[in-house]
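Note sheet for the following structure.
Since every read-out is calculated from the coordinates, none of them should be taken as a lab result. These figures come from a predicted structure and were not determined experimentally. A quick note on method: Cβ atoms are made from the backbone with ideal geometry, for glycine too, and the neighbour counts reach across all protein chains shown.
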Amino acid sequence: MTDLIELSREARRLAYAPYSNYKVGAAVLGVDGKTYTGCNVENVSFGLTVCAERTAVVKMVSAGCQELLALAVATADGGTPCGMCLQVLLEFTKTPDQVKVTCVNESFKGHTYTLTELIPHGFASQL
Ligand code: THU
């Protein structure tokens, strides 16, 4: 997990956040054993902003891996992923109660949650 945290902190440096100035980095561990990083990418049309977590998940899936095992998120204040990102994370795990989500702040202090703790009643239809 230390490696994943370090990768999320490195990814945070690449954040494009000129509007909010709230930089976010994320690092996902896939079942393929590889790590995928992402940062938030904002837009002058604010609603087009992509969060760091979804950037990382989209990179994982587009590289051919469809399941994640763990996630680290780096922010200024140890903030947790937003609801939209949590639902996307849920899409790519079979065991959300075992997926650890570690959120760290600038001083490396943080908290580890399970994905189930963060999104206990996510949408899961039988479509
Ligand atoms: N942001 C993320 O990257 N991840 C989240 O889970 C919440 C918010 C970004 C979006 C925007 O660029 C900035 O943080 C402030 O909302």
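Could we say that PHE92 is hydrophobic (A, V, I, L, M, F, W, C), over 12 Å from ALA26 (Cα atoms) and touching a residue at least 40 places away in the same chain (Cβ under 8 Å) here? Explain how you work it out, then say what you get.
Values: hydrophobic (A, V, I, L, M, F, W, C): yes; over 12 Å from ALA26 (Cα atoms): yes; touching a residue at least 40 places away in the same chain (Cβ under 8 Å): no.
No, not satisfied.
Go through region 51-70 residue by residue and tally those that are crowded, with 17+ Cβ neighbours inside 10 Å and closer than 21 Å to SER20 by Cβ. Of the residues in region 51-70, 7 are crowded, with 17+ Cβ neighbours inside 10 Å and closer than 21 Å to SER20 by Cβ. Scanning region 34-54 for residues that are among the β-branched types (Val, Ile, Thr) and closer than 18 Å to THR75 by Cβ returns THR37, VAL41, THR49, VAL50.
Residues are listed down the side, and each one gets a yes or a no for (1) within 13 Å of the ligand (Cβ to nearest atom); (2) more than 30 Å from SER125 (Cβ to Cβ):
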{"site": "TYR22", "(1), (2)": "yes, yes"}
{"site": "VAL61", "(1), (2)": "no, no"}
{"site": "LEU68", "(1), (2)": "no, no"}
{"site": "LEU90", "(1), (2)": "no, no"}
{"site": "VAL101", "(1), (2)": "yes, no"}
{"site": "ASN105", "(1), (2)": "no, yes"}
{"site": "LYS109", "(1), (2)": "no, yes"}
{"site": "THR114", "(1), (2)": "no, no"}
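The single condition among (1) surrounded by fewer than 20 Cβ atoms within 10 Å (Cβ to Cβ); (2) closer than 17 Å to SER20 by Cβ that THR112 does not satisfy is (2).
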